[in-house]
Structure formats: structure tokens, C-alpha cells
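As C-alpha cells, the structure follows; a few thoughts come after it.
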Amino acid sequence: MIIRVDKILCTSCGICKTHCSFGALTFDNSAPVFNDLCVFCGACVNVCPVEAITIRRREIEKDISDYSGVMAFIERERGAIKPVALEIMGAARQLADRLKETCSAVVLGAGQNADQILLSR
């Protein structure tokens, strides 16, 4: 990611510096300078009254043509699946139906017979 300051637009008001929770801004020659503490959260971008600060995020192209199906991750605790698991599976099933894909689940922390827990519901 790259953060840029348009020095022509910047009025050196300092609002960006006061809104930075990480102390990542200093001023040099009346323009903000970002140091290594910047986490690209965008707080400075959102508060700049003249839109002088921009963050350019690099887009990573990834071939997802071989991907298929919808998978839900189900957590189990003390021998039982967490109550939200059924809601997650329901949402996964709806998405899979809409995409005309298969739906599966991975039960985490399950141990033996984990599949039977979901199938019995």
C-alpha cells in the first residue's frame, strides 16, 4: 500500500495528525510525513477536509476459476457445537443453493463422531 499527500491541496491544518491513533504522522515543510508506525487504517484520509491524503491499495489478481463449493467452519466446545453453528450452516447452505454449489462443513475441535453432531440436527 502507498499513502500519498497532495502538497498542493494540503492546508497543514493538522487534523490528520490529531486523528492518528498510532502517532504515525509528523509535519515537515508544512505537509504530513508518515513513518513506519502507519498501519494504513485510513483515519487520516477520512478526516482530511480537502481530501489531500489518499491510500492506494495494490490489487492482487488471483485465479479463482478452480475454486468451488461453500465451506463453513463450525466450532465445538466441551463436546457440543456452539449454538451459532446452525446459523452459520444455514447461511452457508443458502449461499451454496444460490450459487448452485455444494456445501460442506469443517468441525473444529471436534474429535470422534463430529459429523454425527451436525447430521443429527
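Details
- Pairs with Cβ under 7 Å, 6+ apart, first in segment 50-79 and without any contact (Cβ under 8 Å) to a residue 60 or more places away in the chain and closer than 30 Å to ILE15 by Cβ, second among the aliphatic types (A, V, I, L, M) and assigned to a loop (DSSP other than H, G, I, E, B): VAL50/LEU9; GLU51/LEU9; ALA52/LEU9; ILE55/MET1; ARG56/MET1; ARG57/MET1; ARG58/MET1
- Given (1) modelled with pLDDT under 90; (2) over 30 Å from MET1 (Cβ atoms), number of the condition SER68 does not satisfy: (1)
- Residue pairs whose Cβ atoms lie under 6 Å apart, separated by 6 or more positions or on different chains, with the first residue in segment 5-18 and in a loop (DSSP other than H, G, I, E, B) and the second of a type outside the set (A, V, I, L, M), are SER12/SER30.
- Restricting the first member to segment 89-108 and to residues that are farther than 10 Å from GLY69 by Cα, and the second to residues that are among the basic types (Lys, Arg), the beta-carbon pairs closer than 6 Å and six or more apart or on different chains are VAL107/ARG76.
- Members of segment 27-42 that are among the aliphatic types (A, V, I, L, M) and either assigned to a loop (DSSP other than H, G, I, E, B) or at pLDDT 95 or above (or both): LEU37, VAL39
- Counting residues in segment 86-109 that are out of contact with any Phe, Trp or Tyr (no Cβ under 7 Å at 6 or more places or on another chain), modelled with pLDDT under 85, surrounded by 11 or more Cβ atoms within 10 Å (Cβ to Cβ) and assigned to a loop (DSSP other than H, G, I, E, B) gives one or more.
- Residue within segment 59-79 that is closer than 17 Å to VAL106 by Cα and of a type in the set (Asp, Glu) present: yes
- Whenever a residue of segment 29-41 is not assigned by TED's automatic domain parsing to the domain that holds GLY14 and loosely packed, with under 12 Cβ neighbours inside 10 Å, it has no partner that is among the polar types (S, T, N, Q) and at pLDDT 90 or above lying with C-beta atoms less than 6 angstrom away and at least six residues away or across chains.
The values are calculated or read from the model by the stated rules, or taken from the named source; none is laboratory data. No experiment lies behind these values; they were computed from the predicted model shown. Methodologically, a virtual Cβ is constructed for each residue, glycine included, from the backbone with ideal geometry; neighbour enumeration extends over all protein chains shown.
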